Amino acid sequence: MSTPAAKELVAAELVAARREGRSLTGFPGAVPASMAEAYQIQELAMSRWQDSLVGWKIGYISADRRIAGEPDRLVGPIWGRQCHLNEAHVSAAEVGLFAAGFAAVEAELVIRLEQDLPTHDGADWTPEEAAELEQRLQVAIEVASSPIPDINALGPTVIAADFGNNNGLVVGSVLADQPRGVPVELACYVDGQLVGEGSAENLPGGIHSGLATALNILTSRAQPVRAGMVFATGAITGIHPIGPAQRCRVEVRGGPSVELRTADARTLVRS
């Protein structure tokens, strides 16, 4: 395992690259050997990021990439300045991505929790309990982008360490009165071309399995979950490459849509 000082250096370099909108040649240190070590780096990076935490992205870890005994999901923070609420679909939100790093978009269903959750040790949320929480379901686009070009190839510990490979979320309309058991069908377009279709059934165990796992991870890390937080539940239509100056639209079949346009993160450098 890396030393505390080494983890601090990795976190500092990841944050500096993200803040400046620049890319890295690779992971800036030894690849974390476990998810626990990855989350330690994530926590250190979060402490350096000057923004409000508004939610979490949830990413699935396939069995062949998973460390024995580890959860099948990972989580990464979603920040206030990078979370665009576009419920009225007035115009396409502008989001930054790392042009020389990794950049993709994902069609998502977002769960917005409407209640604070208790923080206590030993919590073991089940998908059934997660489904019963006060919540709203919304269509969204996640910007999966990182300064590290080969972040996905390096594996889930690197993804978790670098904010879960998240660089923004555009949240669209609430899906009102969605019947239980009826899958929501999504279609994803890049520059008007259909790049993927799917439903929440594409996610192993479904969206509430992912939410329950995320809540258990956050509880183990003593991370509070507050009313209003959003949870991006996973890539429903796939992971679709994208570059600067492109547009992505995700639509619910027979329902609302949400749209974004991309820009090189260097042109959207944080003040």
Check your understanding: Assuming Ala100 fulfils every condition listed in (1) in a loop (DSSP other than H, G, I, E, B); (2) touching a Gly at 6+ places or on another chain (Cβ under 9 Å); (3) at pLDDT 95 or above apart from one, which condition is it?
Key -> (2)
Review point. Is there any pair with a first residue in region 195-214 that is of a type in the set (A, V, I, L, M, F, W, C) and a second that is assigned to a loop (DSSP other than H, G, I, E, B) and surrounded by fewer than 21 Cβ atoms within 10 Å (Cβ to Cβ) whose Cβ atoms are under 7 Å apart and which are 6 or more apart or on different chains, and what are they?
Key: Ala200/Pro183; Ala200/Val184; Ala200/Gly206; Ala212/Trp125; Ala212/Thr126
**Study point:** Pairs where the first residue, in region 150-161, is farther than 12 Å from Arg66 by Cα and charged (D, E, K, R) and the second is open to solvent by less than 30 Å² (accessible area, probe 1.4 Å) and not in a helix (DSSP H, G or I), C-beta under 9 Å, 6+ apart
**Key:** Asp150/Gly26; Asp150/Phe27
Point to revise | When residues of region 225-271 are limited to those that are open to solvent by 10 Å² or more (accessible area, probe 1.4 Å), of a type in the set (S, T, N, Q) and not in a strand (DSSP E or B), the one modelled with the lowest pLDDT | key: Ser271
Practice item. Output the qualifying pairs, or none if there are none: Cβ atoms under 8 angstrom, residues six or more apart or on different chains, first residue in region 90-116 and among the aromatic types (Phe, Trp, Tyr), second residue open to solvent by 20 Å² or more (accessible area, probe 1.4 Å). Key: Phe98/Arg22; Phe98/Ser23; Phe102/Pro149; Phe102/Asp150; Phe102/Asn152
**Study point:** Selected residue (criterion: farthest from Val95 (Cα to Cα)) from residues of region 27-42 that are open to solvent by 20 Å² or more (accessible area, probe 1.4 Å) and not hydroxyl-bearing (Ser, Thr, Tyr)
**Key:** Ala33
Review point. In this structure, does Asp191 turn out to be acidic (Asp, Glu), open to solvent by 30 Å² or more (accessible area, probe 1.4 Å), under 27 Å from Arg249 (Cβ atoms) and at pLDDT 95 or above?
Key: yes
Exercise for review: Please tell me if Ala45 is under 20 Å from the mean Cα position of the chain (by Cα), more than 10 Å from Val158 (Cα to Cα), surrounded by 15 or more Cβ atoms within 10 Å (Cβ to Cβ) and of a type in the set (A, V, I, L, M).
Suggested key: yes
Check your understanding: Are any residues in region 153-184 outside any helix (DSSP H, G or I), open to solvent by 10 Å² or more (accessible area, probe 1.4 Å) and modelled with pLDDT of 95 or more, and if so, which ones?
Key -> Asn167
Check your understanding: Can you tell me which residue in region 57-76 is least open to solvent (accessible area, probe 1.4 Å), limited to those that are in contact with a helix residue (DSSP H, G or I) (Cβ under 6 Å, 6 or more places away or on another chain) and more than 19 Å from Asn202 (Cα to Cα)?
Key -> Gly76
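The values are calculated or read from the model by the stated rules, or taken from the named source; none is laboratory data. Remember, predicted model here, so these are calculated numbers, not experimental data. Cβ coordinates were reconstructed from backbone atoms using ideal geometry, including for glycine residues, and neighbour counts include every protein chain displayed. The protein model used for the area step is the full one, side chains on, heavy atoms only, and it has no ligands, DNA or RNA in it. Shrake-Rupley method; radii C 1.70, N 1.55, O 1.52, S 1.80 Å.
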